[in-house]
Amino acid sequence: MFKNLFILLFFSFIATQSFAQKQKNIEIKDSGAFGSIDEEKFPGARILTRSDAGQVHVYHDGIDMWCDQAVVYGKENFVEAYGNVLMKQGDTIQMVAKYAEYSGKTQLAVAKGEVVLTEPSSTLTTEKLFFDRTKQQAFYNDFGKVVRDSSGTITSTVGRYYMQKKKYRFLNTVELVNPEYTLTTNQLDFYSESGHAYMYGPSTIVGETSTIYCERGFYDTNEDTGYFIKNSKIDYDNRQVVGDSMYFDRKIDFASATNNITITDTINNSIIRGHYAEVYKAKDSAFVTKRALAVSLQENDSIYLHADTLMVTGKENHRITRAFRNAKLYKSDVSGKADSIHVNHQTGLTQLINLSQSSSQEAFATKRRPILWNLKNQMTGDTIHLKSNPDTEKIDSLIVFENAFMISKDTLSDDGYSQIKGKRLIGLFDTENQLKNVNIYKNAESIFYMRDENDELVGIDKARSANIEMVFSNGDIDMYKRILNPEAKTFPEEEFPKNSKKLVGFDWREDERPLNVEDLFKDDPPLELVKINGLEPFVPEEEFFDKALLDRVEKADEEAKPKIRVSGITSETNEPEPKASRQIPKKILKQPKLVPAIKASSKDEE
């Protein structure tokens, strides 16, 4: 029997030596530490305690550990470190804690108690930290904090650090606090060297002058710039910007947006839409192009302003809207068109202006005089001013400067038009935004189709005078008066010369008149939205406790169990729980293998 036992122990020793050649063992460095053995408390272990010469120092395959006391299990290649623990990997990574343990077989370290992991660009603190040297990753799952001087402080429930990539992945209740803003999200990928942060899921960035929301975004914490591509919006005080993709620069309070943009102004009760926009918060300005449309919301009838480009500038009480290139406005009772339209929201002045085009090859390069439609009347001139009440937004008056021309079609004839022209036109509106008085000044000419109360044509009146004054009712001329040196003649319709039916400069443009909001876009060039690129889709990564790590742990546990072979039967001794797996969350560990019921204890059955 003793002979068989000797043979068994001999082969066990040979196997151990062979395994040690493949696997590096934890080394005890000469530091003057005191050594002892306590088989009752620490069976099979060597206990090392610091001396006046210094702390206990152990080493394994490129990692150094110092502590006040170490318990080294040679067979399991495992060390427990107590008190003022310091672990170093190379010259860049170090970790301190109150307690740590490390397995040379699994290369998994676990630190507890005021854990601080330091790398060149950031510092991580938590109460419990796992460190897998094989993957070069650290992990916590019960709150942690990372500090990076220029970026701020990041906290989360779960965190993971990829040492080779210098990358953190924060999960669950993530918050980045910076003196300028606070970022909250569900998941944040953060690169400690560059300060680049990638957000996944509902995220907000709240600063003193802005609030950003997105569900997929990027933020450069060094440059204070960001890029957001899913359900993104920026709130500037009382102005909100929404778009498919957005760029943000905090230093200059600048934002740009691309595709399906909406800018909402709650103070002025207005909305601007388009497919590219730039907003400067400090300058209170917004630039919008690509099917740009401004909507001034009113209680009963909104005003729509469309152009190739819209620009809004000024504080909320001094705001000016400028529409450039093929500008049009639409309201149920008034519409207009010009090269450029300027609206001063404080004074209520709207200007329809001609602008010379730089190239005839450009879209909308054809020069057309500004035009305004009100019910049956068409008015044109070199420049048109509309004056509204800023409070009620009701139109008070209009002025047509230079080459004023007013036309209304006679609805009961095929080609008859009442016409008035002169140097300047001044009109007044009633409370229903309908023309009630019109005065034409200097070199006035007119053609009127005169009808009686039964709408029978009485004659066609053609005249000249210095000025003309008219009164309207429901869009029809109710009364007119020629002032100073009138020359007038009324012709029966059949005697009126055909070549005299239109005054010089006559230009009936009813086909250009917008009759609804959709008509504002009818002569725009085809719209081509840009393709939004930038952020790569999210790719899930392997769990920290992946199959490879769990397999290493399971193997180490199996190898740690003492076994004695007697008469061909292997029996397990009643030894303490294996150490490699004891810190891993129980729900992550693989289910234990089934064993015969006769060997199961009550604890096993639970």
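Worth pointing out:
- Protection proxy ranking of 308-314, 86-92 - average other beta-carbon atoms within 10 Å, highest first: 308-314, 86-92
- Cα-based helix-to-principal-axis angle, 547-560 vs the chain, degrees rounded to 10: 10 degrees
- Candidate aspartates and glutamates - alpha carbon under 20 Å from LYS98, same-chain residues fewer than 8 apart omitted: ASP52, ASP64, ASP68, GLU80, GLU114, GLU119, GLU127, ASP132, ASP142
- At most 16 other Cβ within 10 Å, DSSP loop - GluC sites (Glu not before Pro), region 26-88: GLU39, GLU40
- Per residue value of the accessible surface for the chain (all protein chains in place, 1.4 Å probe), Å²: 53 Å²
- Within the chain, the longest run free of chymotrypsin sites (Phe, Trp or Tyr not before Pro) that sit in a DSSP loop with at most 15 other Cβ atoms within 10 Å is 1-505.
- Alpha carbon convex hull of region 427-585, volume per residue in cubic angstrom: 367 Å³
- In order along region 86-102, the Karplus-derived 3J(HN,Hα) couplings, from 6.51 cos²θ - 1.76 cosθ + 1.60 at θ = phi - 60°, round to 10, 10, 10, 10, x, 9, 10, 10, 9, 9, 10, 6, 7, 8, 8, 9, 8 Hz, and Gly and Pro are given as x.
- For region 374-423, diffusion coefficient by Stokes-Einstein and Kirkwood Rh (Cα), 20 °C, 1.002 mPa s, µm²/s: 174 µm²/s
- When only the Cβ of Lys, Arg, Asp and Glu is charged (+1, +1, -1, -1), the dipole of the chain relative to its Cα centre reaches about 1580 debye.
- Summing +1 for each Lys or Arg and -1 for each Asp or Glu among the other residues whose beta-carbon sits under 14 angstrom from that of GLY534 gives 0.
- Within a straight-line Cα-Cα reach of under 27 Å, LYS315 can be paired with the following lysines, leaving aside sequence neighbours fewer than 8 residues apart in one chain: LYS233, LYS251, LYS281, LYS283, LYS290, LYS328, LYS331, LYS337, LYS387, LYS394.
- Comparing LEU305, LEU117, ALA580 along the charge dipole axis of the chain, the residue lying farthest to the positive side is ALA580, per the Cβ-charge model.
- Partner lysines whose Cα lies under 18 Å from the Cα of LYS442, excluding those fewer than 8 positions away in the same chain, are identified as LYS421, LYS423, LYS462, LYS481.
- Each 20 Å bin from 0 upward holds the following percent of the Cα-Cα pairs of the chain: 16, 29, 19, 15, 12, 7, 2, 0.
- Under Karplus coefficients 6.51, -1.76 and 1.60, residue-wise ³J(HN,Hα) of region 204-220 in Hz, glycine/proline x: 10, 10, 9, x, 5, 10, 7, 10, 10, 10, 7, 10, 6, x, 10, 9, 8
- Other residues within the sphere of radius under 12 Å centred on the Cβ of ASP455, judged by their own Cβ, net out at -4 (K and R +1, D and E -1).
- Carbon plus sulfur fraction of accessible area for region 103-156, probe 1.4 Å, in percent: 48 percent
- Within region 416-498, GluC sites (Glu not before Pro) in DSSP loop having at most 14 other beta-carbon neighbours inside 10 Å: GLU432, GLU453, GLU456
- In this structure, the amide hydrogen of THR309, modeled 1.01 Å from its nitrogen in the peptide plane, lies closer than 5 angstrom to those of PHE324, counting only residues at least 5 positions away or on a different chain.
- The trypsin sites (Lys or Arg not before Pro) of region 231-275 that meet both conditions, a loop assignment by DSSP and at most 16 other Cβ atoms within 10 Å of the site Cβ, are LYS251.
- Label point 7 Å beyond Cα of GLU432 along Cβ direction - residues of region 318-335 with amide nitrogen under 17 Å: 332-335
- ³J(HN,Hα) computed for each position of region 453-460 - Karplus, 6.51 cos²θ - 1.76 cosθ + 1.60, integer Hz, glycine/proline x: 5, 9, 6, 7, 6, 8, x, 10
- Part-to-part distance (alpha-carbon centres) for region 200-269 and region 63-138, which is given in Å: 42 Å
- Considering helices alone, the calculated mean residue ellipticity of the chain at 222 nm is -2000 deg cm²/dmol, with DSSP H runs of length four and up weighted by -39500 (n - 2.57) and normalised per residue.
The values are calculated or read from the model by the stated rules, or taken from the named source; none is laboratory data. None of these values were measured; they are calculated from a predicted model. A quick note on method: Cβ atoms are made from the backbone with ideal geometry, for glycine too, and the neighbour counts reach across all protein chains shown. Accessible surface areas use protein heavy atoms only, side chains included; no ligands, DNA or RNA. Shrake-Rupley method; radii C 1.70, N 1.55, O 1.52, S 1.80 Å.
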